[in-house]
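The values are calculated or read from the model by the stated rules, or taken from the named source; none is laboratory data. Source: prediction; values computed, not measured. For neighbour counting, all protein chains shown are included, and Cβ atoms are generated from backbone atoms with ideal geometry for every residue, glycine included. Please note that ligands, DNA and RNA were not included when accessible areas were found on the heavy atoms of the full protein model with its side chains. Shrake-Rupley method; radii C 1.70, N 1.55, O 1.52, S 1.80 Å.
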Amino acid sequence: MRLSTKSRFAVQSLIDLALRERSGPIALAHVAARQGVSLSYLEQLFSRLRRAGLVESTRGPGGGYTLGRRPSDITVAEIVAAVEDEPPSLAHEERRMHLTHDLWADLDAVMLRHLATVPLQQLVDEERGRGVPEEVAAPRPALSP
């Protein structure tokens, strides 16, 4: 398992969505601005998150992204698995580094088990505890025919 900035930004972005979920779909441009990351980078991450069923997209005026499931039903391990590339094959490395391979494989397994016990809701609650405001947008005006 490889943890990279992709994982960090994916987790932070889903926390961002969860904090604002009462507002309806959230424009990815707003998430990008709050997280300090480029829109194109987030679009790539959210494409993977959408394929994994962790977010849903709504097109058109007032569109954006919402969580695909309740924050209590999404684990950090799922988020990481959705955005990280598959680990490269260790077949050729195994011969060279056989002694440390088991160590890294064990560490990966422990880390994955731990991340699977951390629901997104826990991270959202921690952010709320730090005083991060939940933005609730005003109701959107109805579109005239």
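List, please: which pairs have Cβ atoms under 8 Å, are six or more places apart or on different chains, and start with a residue in region 10-29 that is within 14 Å of residue 74 (Cβ to Cβ) and end with one that is of a type in the set (Ser, Thr, Tyr) and at pLDDT 95 or above?
Filtered contacts from region 10-29: 17/65; 17/66; 21/66.
Which condition number in (1) more than 30 Å from residue 106 (Cα to Cα); (2) buried (at least 18 other Cβ atoms within 10 Å of the Cβ); (3) modelled with pLDDT under 95 is the one that residue 34 fails?
(2)
Tell me yes or no: at least one residue of region 6-20 is in contact with a Ser or Thr (Cβ under 7 Å, 6 or more places away or on another chain) and either of a type in the set (Val, Ile, Thr) or open to solvent by 40 Å² or more (accessible area, probe 1.4 Å) (or both).
Here is the first cut: in region 6-20, the residues in contact with a Ser or Thr (Cβ under 7 Å, 6 or more places away or on another chain) are 17.
Subsequent filtering for residues that are either of a type in the set (Val, Ile, Thr) or open to solvent by 40 Å² or more (accessible area, probe 1.4 Å) (or both) retains none.
No, every residue in region 6-20 fails to be in contact with a Ser or Thr (Cβ under 7 Å, 6 or more places away or on another chain) and either of a type in the set (Val, Ile, Thr) or open to solvent by 40 Å² or more (accessible area, probe 1.4 Å) (or both).
When the residues of region 47-67 are narrowed to those that are modelled with pLDDT of 95 or more and basic (Lys, Arg), which ends up most open to solvent (accessible area, probe 1.4 Å)?
Across region 47-67, the extreme among qualifying residues is 51.
Cβ-Cβ distance below 9 Å, separation of 6 or more or different chains: which pairs start in region 102-118 with a residue that is at pLDDT 85 or above and end on one that is open to solvent by 50 Å² or more (accessible area, probe 1.4 Å) and among the acidic types (Asp, Glu)?
115/78; 116/78
Does at least one position in region 122-137 carry a residue that is assigned to a loop (DSSP other than H, G, I, E, B), of a type in the set (Gly, Ala, Ser), modelled with pLDDT under 95 and open to solvent by less than 80 Å² (accessible area, probe 1.4 Å)?
We begin by selecting, within region 122-137, every residue assigned to a loop (DSSP other than H, G, I, E, B); these are 130-137.
Keeping just the survivors that are of a type in the set (Gly, Ala, Ser) gives 131, 137.
Right, trim to modelled with pLDDT under 95 and you get 131, 137.
Now drop any that are not open to solvent by less than 80 Å² (accessible area, probe 1.4 Å), which leaves 131, 137.
Looking for residues that are assigned to a loop (DSSP other than H, G, I, E, B), of a type in the set (Gly, Ala, Ser), modelled with pLDDT under 95 and open to solvent by less than 80 Å² (accessible area, probe 1.4 Å), one finds at least one in region 122-137, hence yes.
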